[in-house]
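Contents: one structure, followed by commentary.
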Amino acid sequence: MLLEDVTAEMAEVVYVEIDAEGNLELVRSLDIRSTPTTLFLDRNGHEVGRAAGAPKRDQVFAAISAIQ
């Protein structure tokens with residue numbers, strides 16, 4: 001998977017996959033309307049980006065670069 005591959009070599013970046021069906025309350029609180037949805041969070045847990053659908057490699061690198 002793209003996100004796992006990209007983040008595997010970045011010690012300061014953590015990739016976490018959450019099952020939407022098993023976490024409906026979280027999905028609602030984050031206002032996730034479609035899956036997959038990728039949230040980019042800074043080290044304090046604040047959302048700094050979001051991608052609906054499967055993100056492309058350049059989108060992932062741009063989002064990670066913007067956070068660091």
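The values are calculated or read from the model by the stated rules, or taken from the named source; none is laboratory data. Please read these numbers as outputs of a predicted model, since none were measured by experiment. Here the Cβ is made from the backbone with ideal geometry for all residues, glycine too, and neighbour counts use every protein chain on show.
Taken across the range 30-39, residues that are basic (Lys, Arg) and within 24 Å of residue 8 (Cβ to Cβ) do not occur at all. If I filter the range 11-35 down to residues being touching a helix residue (DSSP H, G or I) at 6+ places or on another chain (Cβ under 8 Å) and among the β-branched types (Val, Ile, Thr), which single residue comes out as surrounded by the fewest Cβ atoms within 10 Å (Cβ to Cβ)? Among those residues, the one meeting the criterion is 14. Of the residues making up the range 19-68, just one is among the basic types (Lys, Arg), assigned to a loop (DSSP other than H, G, I, E, B) and modelled with pLDDT of 90 or more, namely 33. Looking at the range 36-68, which of its residues are farther than 15 Å from residue 2 by Cα and either under 10 Å from the mean Cα position of the chain (by Cα) or surrounded by 12 or more Cβ atoms within 10 Å (Cβ to Cβ) (or both)? Within the range 36-68, 41, 42, 47, 48, 49, 50, 67 meet the criteria.
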